[in-house]
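Asks: Provided herewith is a single structure, encoded as structure tokens, for subsequent inquiry.
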Amino acid sequence: MPGGGVNLRNFNLFKTSSFNEIHLSAIDKNISLDSNYDIIRQIVEMSKQ
């Protein structure tokens, strides 16, 4: 299961590489060191496409 560094820019690389699951904290260090649920929501929506 890929994890660490998964983000909106590189998510599609994982999606097209036959992984069934990924792990991400969705942290935008420019904003906060907490998980950003907007990023998580966007990646979930991208995974459905």
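Asks: Viscosity 0.692 mPa s, temperature 37 °C: what is the translational diffusion coefficient of the chain from Stokes-Einstein with a Kirkwood Rh over Cα pairs, rounded to a whole number of µm²/s?
Replies: Approximately 296 µm²/s, per Stokes-Einstein.
Asks: Right, next: Run the dipole for the chain about the Cα centre, Lys and Arg Cβ at +1, Asp and Glu Cβ at -1, nothing else charged, and hand back the magnitude in debye, nearest 20.
Replies: Dipole size: approximately 140 debye.
Asks: Working out 0.36 nm times the residue gap between Ser17 and Glu45, then minus their Cα-Cα distance, what length gain in nm do you get to one decimal?
Replies: Once the chain is fully extended between Ser17 and Glu45, it gains 8.3 nm.
Any read-out appearing in this document is the output of simple, stated calculations on the displayed coordinates, not a laboratory observation. Here the structure is a predicted model, which is why all the values come from computation and not from measurement. All Cβ positions, glycine included, derive from the backbone under ideal geometry; neighbour counts span all protein chains shown.
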